[in-house]
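*Asks:* There's a structure below that I have some questions on.
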Amino acid sequence: MKNNKTKFLKECRKRINGYEMELLYTSCPAKRQLLERALLHEIDCVLYCIDELNDIVEDTIKAEMNRETKAFTIKELSEFDGTQGKPAYAAVNGIVYDVSNEATWGGASHFGLLAGKDLTEQFNNCHKQEVVLSKLPKVGILK
């Protein structure tokens with residue numbers, strides 16, 4: 001829906017620019033009045049679309065805030081193993097990360113490690129920096 005709105009806004013901008021250019025070069029009062037009405041209509045459409053986009057952004061932010069504060073038990077975490085269309089989550093140092101879209105986690109596994117588990121020990125034995133994790137979406141904490 002967001003992509004449709006941004007596409008719509010780009011189309012509105014083109015129409016607005018066209019009306020503005022016509023207004024600059026039109027001396028006929030009747031045509032100017034029609035162009036001004038069309039321009040005001042486009043501006044109203046843009047403002048309405050912006051309000052809808054703001055609602056989408058607010059809803060997304062609220063969803064992300066709730067997602068990041070979810071507390072997972074080990075049992076709950078095990079449900080997010082990347083099978084049967086479920087997302088793949090892994091916990092490291094008490095934070096649960098979504099590894100579903102991470103290329104190195106293809107098939108919900110990473111060098112023999114499986115999603116849906118607390119992999120703190122394995123991560124700390126293999127990686128010395130948490131920079132690797134900073135790129136992953138945080139989805140909660142581990143209880």
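*Asks:* May I ask you to derive the FRET efficiency for Leu23 and Thr83 from their Cβ-Cβ distance with R0 = 41 Å, giving the value to the nearest 0.05?
*Replies:* My answer for the efficiency is 0.10.
*Asks:* Based solely on C-alpha atoms, express the radius of gyration and the Dmax of the chain in angstrom.
*Replies:* Cα-based Rg and Dmax for the chain come out at 24.9, 78 Å.
*Asks:* Counting each DSSP H run of 4 or more residues in the chain as -39500 (n - 2.57), what helix-only mean residue ellipticity at 222 nm follows after dividing by all residues, to the nearest 500 deg cm²/dmol?
*Replies:* -18500 deg cm²/dmol
*Asks:* Within 10 Å, count the other beta carbons around each residue, average over each peptide in 99-110, 9-20, and list them highest first.
*Replies:* Put in order of decreasing packing, that is 99-110, 9-20.
*Asks:* Once fully extended, how much extra length lies between Leu40 and Ile141, figured as 0.36 nm per residue of separation less the alpha-carbon to alpha-carbon distance?
*Replies:* Stretched fully, the Leu40-Ile141 segment lengthens by 31.4 nm.
*Asks:* For labels at Lys5 and Ser109 in the simple 7 Å Cα→Cβ model, what's the distance in nm?
*Replies:* A separation of 4.2 nm, rounded to one decimal place.
Readers should treat all values here as calculations from the given coordinates under stated rules, not as data from a laboratory. What you see is a predicted model; the values in this text were computed from it and never measured. Because the Cβ atoms are built from the backbone with ideal geometry, glycine has one as well, and the counts that use them run over all protein chains shown.
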